[in-house]
Amino acid sequence: MKTILYIAHLLLFAFFVGQAKAENTQTIKGQVLDKQSQSPVIGATIIILASNPLQGATTDVNGQFTILQVKPGRYELKVSYSGYKELVIPGIVVTSGKEVILDISIEETVKHLKSATVKGTSKNRVLNEMSTVSARTFSMEEVNRYAGGRSDPARLAANFAGVSSPDDSRNDIVIRGNSPAGVLWRIEGMNIQNPNHFATIGTTGGPVSALNTNMLKNSDFFTSAFPSEYGNANAGVFDLGFRKGNSDKREHTLQFGMLTGLEAMTEGPIKKGNGSSYLLAYRYSFTGIAQALGIPIGTTATPFYQDLSFKVVSGNSKLGRFTLFGLGGKSNIKFMHDEIDTSDLFADPTMDSYFRSDIAVVGVKHYIKTSEKSFLNTMVGASYAASKYDQDSIAINEGPSARIIENSTQRLHYNIASTFNMKVNSAWSIKAGVQAEIMQLDLFYRTRSFSTVDWKQLWDFDDATTLVQAFAQTKYNLSNKLTMNAGMHAQYLTLNGSYSIEPRAGLRYALTDKSTLSAGYGLHSQMQPTDVYFFKTMQLDGTYNESNKDLGFTRSHQAVIGYEILPIKDWRIKTELYYQVLRNVPVTMLPGSYSMLNTGSSFYPNQESYLENTGKGRNYGAEITVEKFFSRGYYGLLTGTIYESKYTGSDKVERNTAFNGKYVYNLLAGKEFKFGKAKRNAFTIDCKLTQAGGRYYTPVDLEASKASNEQVLMGDEYAFSKRNPDFFRMDLKAGMTVNSKKRKLSHSFYFDVQNITNHKNVFAERYNPVTETVNTAYQIGVFPNFIYKVQF
């Protein structure tokens with residue numbers, strides 16, 4: 001409570017006091033590096049386009065630059081240097097409360113061939129130079145700008161082509177029909193477990209993200225045929241990074257959000273002049289306020305969560321540069337049978353449930369130049385995820401309760417990775433690395449029925465296994481128009497000796513200076529969720545058997561063809577066709593409809609035994625993106641996907657997967673209006689419209705459910721035979737940023753109304769044991785969210 005009062009006091013102090021005599025302009029600064037070698041580019045020119053008089057700077061011997069006396073507003077920067085591709089960076093937002101710090105990488109042109117000046121924009125590039133297709137870079141500004149995003153990177157990604165997330169209660173994302181369990185999360189180069197509050201084993205999503213968007217720098221998102229350095233994923237990759245703190249001055253951010261809660265962030269130099277810095281942020285949930293105001297959040301239970309994020313960067317020295325980073329979060333909630341109503345998405349009127357989860361990530365990175373054209377990145381870290389779920393059955397006649405589920409998991413993963421990068425020449429670069437992930441697992445899960453005394457043990461495992469990965473990849477510019485990426489990834493699981501060797505390749509050809517044709521292929525493999533390997537089956541003699549322990553990797557072949565054109569200034573049109581074939585999918589040994597490809601379609605952990613790698617699946621579709629980059633005060637984004645997602649179980653019947661929505665489209669637009677005497681302030685209006693096809697599900701067997709007094713689904717013949725109605729949602733967001741004339745201080749206010757039409761989207765069909773009927777649960781209706789942020 002003292003922490004909350006302190007943060008609230010700082011909010012009031014910043015709003016009313018500020019710093020009385022600070023200048024009313026701001027600074028844009030940063031560093032320009034060679035994209036392949038990460039060496040400073042000395043003498044590069046950075047100018048603010050359309051500035052009058054012209055404002056700009058030139059990089060020094062460390063590749064650093066500073067542009068002073070920049071008025072608050074939104075700008076485009078142009079970076080140019082002889083022998084390098086010219087780069088335009090749009091959407092640079094300057095406020096009076098915070099300096100703008102940019103890390104810029106530019107690419108050298110191929111010297112042995114004559115060509116015209118090559119131009120580009122950062123909006124159609126990705127940070128990872130080895131990527132050819134199905135990739136997009138997103139910024140912190142986009143995460144916070146789009147309507148309905150809830151300051152969540154995963155919900156932002158749901159706006160991109162090929163991605164679907166028609167579920168207001170969680171941020172699981174479906175990429176091209178794949179299970180959300182196929183997504184890899186990476187922070188600062190380290191593979192991590194689920195970075196969400198209220199996370200459970202075997203999932204990659206959750207109701208609330210533990211990632212603080214004010215901490216994030218520009219990051220990459222991949223949806224298919226991703227580069228060779230990424231492994232153990234079949235769907236997509238989030239490659240995130242925390243930004244560096246300001247190494248020259250101390251700055252602070254305070255924020256209050258109805259959903260994200262109270263937040264305080266501070267940053268600054270550790271020792272001025274050597275480039276060292278720190279960045280620290282803390283959040284504490286305030287969803288109880290929203291409930292007290294009558295705002296629906298999907299449940300009458302009150303969720304509590306808090307998280308802490310940090311990044312500390314040393315200065316450069318002969319020993320290189322060291323970075324310490326971390327993330328920690330705690331969350332808990334309880335669902336009481338006598339405190340719910342018919343709108344509750346999660347609770348059961350015959351059960352009391354108690355859930356808590358903890359997450360932690362900490363790592364140390366070391367960067368050192370090994371030569372003028374090469375460098376080595378080494379990372380050592382650990383990630384921790386724990387959850388505990390207990391459930392009590394309540395007799396319908398309000399008799400005594402009985403504990404029927406005890407589920408406890410603790411997963412401690414140790415990571416060590418090292419990557420070597422070398423720029424051979426202007427046309428050729430190489431990247432190779434190794435990684436070991438030691439997974440210490442403590443899994444305990446047992447159940448029983450209300451009327452029995454004996455427990456049925458499902459998990460009871462306390463041991464470790466290791467996943468070893470290695471990769472090598474190369475990029476070769478055959479000319480300034482034709483680029484080839486190729487590589488190999490390998491991985492080995494010590495638990496059962498599973499291994500894979502995966503080739504990856506891509507080609508990109510510039511048809512003109514404004515249009516590009518690309519193609520990519522990759523073989524990708526993924527181990528099964530850890531709880532699946534250690535699921536126990538009771539034998540007739542009372543002993544237990546871990547029948548899934550020898551499961552191999554699920555493998556997928558992914559092929560993509562893409563075309564991109566920049567028809568006019570600030571516009572982009574991109575389309576991709578893709579086909580994915582999945583093999584070695586775990587299914588039941590006896591003929592049935594079960595498939596691991598449907599993992600993540602419910603809240604329940606896996607309870608299938610005697611699985612084997614004989615199932616298969618396929619995903620295919622077409623995507624289009626039409627984007628107007630933010631310029632001249634407005635932006636627009638239209639993404640659309642038509643797709644099919646199919647699987648075949650051990651009964652040899654092809655069915656729709658649980659994630660086959662068949663289509664999804666998003667339309668986003670926003671306008672910025674300047675106001676005030678010097679046009680220093682801005683009012684913004686943003687809207688978003690999403691429509692997605694309803695997903696397939698297996699209907700409830702009403703008579704069987706009545707007989708067992710719990711929900712029972714119909715048999716294999718009806719598996720995924722029904723389809724929910726289409727999902728539709730419209731969000732509207734209004735915002736205002738006020739930049740102080742006399743202080744280094746800015747205020748931002750946002751009012752984000754999600755599902756403004758109050759459309760009733762179906763959450764699930766489920767059995768109610770009290771009424772003995774099948775009811776339809778609906779997702780959240782109108783959901784208003786208010787955010788206030790102050791920077792100083």
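Of note:
- In this entry, PHE751 passes the filter for residues that are free of Cβ contacts under 8 Å to residues at least 40 places away in the same chain, under 24 Å from the mean Cα position of the chain (by Cα) and open to solvent by 20 Å² or more (accessible area, probe 1.4 Å).
- Hits in the range 137-163 (condition: assigned to a helix (DSSP H, G or I) and open to solvent by less than 10 Å² (accessible area, probe 1.4 Å)): GLU142, VAL143, PRO153, ALA154, LEU156, ALA157
- Test: GLY177 is among the small types (Gly, Ala, Ser), more than 15 Å from the chain's Cα centre (by Cα) and within 30 Å of LYS662 (Cβ to Cβ): yes
- Residue that is surrounded by the fewest Cβ atoms within 10 Å (Cβ to Cβ), among those in the range 754-772 that are touching a residue at least 60 places away in the same chain (Cβ under 8 Å) and of a type in the set (D, E, K, R): GLU772
- Neighbours by Cβ (under 6 Å, 6+ apart or cross-chain): first from the range 253-265, open to solvent by 10 Å² or more (accessible area, probe 1.4 Å); second of a type in the set (Asp, Glu): GLN255/GLU263
- TYR544 being at pLDDT below 95 and touching a strand residue (DSSP E or B) at 6+ places or on another chain (Cβ under 8 Å): yes
- Residues satisfying the criterion are present in the range 551-569 (criterion: within 19 Å of LEU441 (Cα to Cα) and over 27 Å from the mean Cα position of the chain (by Cα)).
- Only residues that are assigned to a strand (DSSP E or B) and open to solvent by less than 10 Å² (accessible area, probe 1.4 Å) were counted in the range 226-252, giving 6.
- Qualifying positions in the range 266-282 - in a loop (DSSP other than H, G, I, E, B) and either touching a residue at least 60 places away in the same chain (Cβ under 8 Å) or of a type in the set (A, V, I, L, M) (or both): ILE270
- Being in contact (Cβ under 8 Å) with a residue 12 or more places away in the chain and in contact with a strand residue (DSSP E or B) (Cβ under 9 Å, 6 or more places away or on another chain) is not true of PRO529.
- For LEU443, the stated conditions hold: it is touching a residue at least 60 places away in the same chain (Cβ under 8 Å) and assigned to a strand (DSSP E or B).
- Qualifying residue in the range 693-703 (condition: open to solvent by 50 Å² or more (accessible area, probe 1.4 Å), under 30 Å from TYR647 (Cα atoms), touching a residue at least 40 places away in the same chain (Cβ under 8 Å) and among the basic types (Lys, Arg)): yes
- Members of the range 637-659 that are small (Gly, Ala, Ser) and assigned to a strand (DSSP E or B): GLY640, SER645
- Residues being in contact with a Leu (Cβ under 8 Å, 6 or more places away or on another chain) and surrounded by fewer than 20 Cβ atoms within 10 Å (Cβ to Cβ) - total across the range 77-88: 3
- Scanning the range 770-792 for residues that are out of contact with any Leu (no Cβ under 8 Å at 6 or more places or on another chain) and within 30 Å of ASN246 (Cα to Cα) yields PHE786, ILE787.
- When ASN218, ASN178 are checked against the criterion of being more than 30 Å from LEU87 (Cβ to Cβ), in contact with a helix residue (DSSP H, G or I) (Cβ under 9 Å, 6 or more places away or on another chain) and at pLDDT 90 or above, a single residue qualifies: ASN178.
- Residue within the range 461-483 that is at negative phi, assigned to a loop (DSSP other than H, G, I, E, B), hydrophobic (A, V, I, L, M, F, W, C) and surrounded by 18 or more Cβ atoms within 10 Å (Cβ to Cβ) present: no
- Restricted to the range 171-225, the set of strands (runs of 3 or more DSSP E) holding at least 1 residues that are in contact with a Cys (Cβ under 7 Å, 6 or more places away or on another chain) and open to solvent by less than 10 Å² (accessible area, probe 1.4 Å) is empty.
- Test for SER746: is it open to solvent by less than 30 Å² (accessible area, probe 1.4 Å), in contact (Cβ under 8 Å) with a residue 24 or more places away in the chain and closer than 30 Å to SER593 by Cα: no
- If only residues of the range 773-792 that are open to solvent by less than 30 Å² (accessible area, probe 1.4 Å) and not in a strand (DSSP E or B) are counted, the one that is nearest to ILE756 (Cα to Cα) is GLY781.
- Taken over the range 389-440, the criterion of being hydroxyl-bearing (Ser, Thr, Tyr), touching a residue at least 60 places away in the same chain (Cβ under 8 Å) and in contact with a Ser or Thr (Cβ under 6 Å, 6 or more places away or on another chain) is satisfied by THR409 alone.
- Top-ranked residue of the range 439-460 - restricted to ones that are aromatic (Phe, Trp, Tyr) and surrounded by 14 or more Cβ atoms within 10 Å (Cβ to Cβ), ranked as nearest to ILE405 (Cα to Cα): TYR445
- The residue that is most open to solvent (accessible area, probe 1.4 Å), among those in the range 526-565 that are of a type in the set (Gly, Ala, Ser) and closer than 30 Å to SER224 by Cβ, is ALA559.
- Within the range 339-363, residues that are closer than 19 Å to SER393 by Cα and among the basic types (Lys, Arg) sit with their Cβ atoms under 8 Å from residues that are surrounded by 20 or more Cβ atoms within 10 Å (Cβ to Cβ) and modelled with pLDDT of 90 or more, at 6+ positions apart or across chains, in these pairs: ARG356/SER331; ARG356/ILE333; ARG356/SER387.
- Scanning the range 607-636 for residues that are touching a Gly at 6+ places or on another chain (Cβ under 9 Å) and among the hydroxyl-bearing types (Ser, Thr, Tyr) yields TYR620, THR625, SER631, TYR634, TYR635.
- Residue match in the range 589-601 (condition: within 30 Å of ALA669 (Cα to Cα) and open to solvent by less than 60 Å² (accessible area, probe 1.4 Å)): no
- Residue match in the range 668-685 (condition: assigned to a strand (DSSP E or B), surrounded by fewer than 15 Cβ atoms within 10 Å (Cβ to Cβ) and touching a residue at least 40 places away in the same chain (Cβ under 8 Å)): yes
The values are calculated or read from the model by the stated rules, or taken from the named source; none is laboratory data. A quick note: this is a predicted structure, and the numbers were derived from the prediction, not measured. Ideal geometry is used to build each Cβ from the backbone, glycine not excepted, and the neighbour counts take in all protein chains shown. Only protein heavy atoms, including side chains, enter the accessible area calculation; ligands, DNA and RNA are left aside. Shrake-Rupley method; radii C 1.70, N 1.55, O 1.52, S 1.80 Å.
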